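In what follows, a structure is listed as structure tokens, so that the remarks can point back to it.
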Amino acid sequence: FRSTNKAEAIEELTDLLQKDGAISCRETFIQDVWQRESEGSTGFENHIAIPHGKSSAVVNTTLAIGRTRQDIAWETLDGSQVRCIILFAVRLEDQNTTHIRLLSQVAGALADDDIIEQLLKETCPQRIIDLFNQYAESDIY
């Protein structure tokens, strides 16, 4: 993950989502993510941010996770710099169902200090997915 600022991080993760076929229009999705950011920062705490876009450009509700090589300035609840970004891409049809389930799953995992520590250190993508799946009602794909 090469991003050095918030905009680059959102764009880099969006590119992953587009490459995976989860979004149909990069520009529309990024615009919707920035719309949500304008309503209030999605910086969490413990070096984690959870930006998200509810968008007509989303084909499949999913998420992308990126870890930065250096701290990124982001408005967080505890004032920490961000090192892990979890970008949610939510279909408009899923905004009150799948989105809530996914957010609940991620929030459950992020309430666990051991999970956060592993998330910030783990290098294997599958093991990162497995960390969240421990809290899953259904799998993340």
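The values are calculated or read from the model by the stated rules, or taken from the named source; none is laboratory data. Bear in mind the structure is a predicted one, so any value in this text is a computation, not a measurement. Ideal geometry is used to build each Cβ from the backbone, glycine not excepted, and the neighbour counts take in all protein chains shown. SASA here: full protein model, heavy atoms, side chains in, ligands and nucleic acids out. Shrake-Rupley method; radii C 1.70, N 1.55, O 1.52, S 1.80 Å.
With both partners inside the chain, how many of the DSSP beta bridges are antiparallel, as a percent to the nearest 5?
For the chain, the DSSP antiparallel bridge percentage is about 60.
Among residues other than K54 whose Cβ falls under 14 Å from its Cβ, what is the net charge (Lys/Arg +1, Asp/Glu -1)?
Around K54, the charge tally is -3.
Within 12 Å, Cβ to Cβ, of D94, how many net charges do the neighbouring residues add up to if Lys/Arg are +1 and Asp/Glu are -1?
Here the charged neighbours net out to +2.
Compute the separation of the alpha-carbon centres of segment 13-60 and segment 64-141 and state it in Å as a whole number.
13 Å
Would you tally the net charge around R69, using a Cβ to Cβ cut-off of less than 10 Å, leaving R69 out, and scoring K and R as +1, D and E as -1?
Taking every Cβ under 10 Å from that of R69, the sum is +2.
Taking every pair of alpha-carbon atoms in segment 1-52, what share in percent sits in each 10 Å bin, from 0 to the bin with the longest distance?
24, 55, 21, 0
Would you mind getting me the FRET efficiency between R26 and Q118? Use the beta-carbon distance for r and R0 = 30 Å, nearest 0.05.
0.45
Would you work out the Kirkwood radius for the chain? I mean one over the mean of 1/r across all pairs of different Cα atoms, in Å.
Evaluated on the chain, it is 14.9 Å.
Residues of the chain: accessible area per residue at 1.4 Å, in Å²?
Averaged over the residues of the chain, the accessible area is 52 Å².
Helices from the chain with mean Kyte-Doolittle at least 0.5 and a Cα length along the axis of 15 Å or more, per DSSP H: which?
Taking the DSSP H segments of the chain (at least 15 Å long, mean hydropathy at least 0.5), we get 98-110.
If I take the Cα coordinates of segment 28-68 and project them onto the principal axes, what are the three extents in Å, biggest first?
Result, largest extent first: 31, 21, 14 Å.
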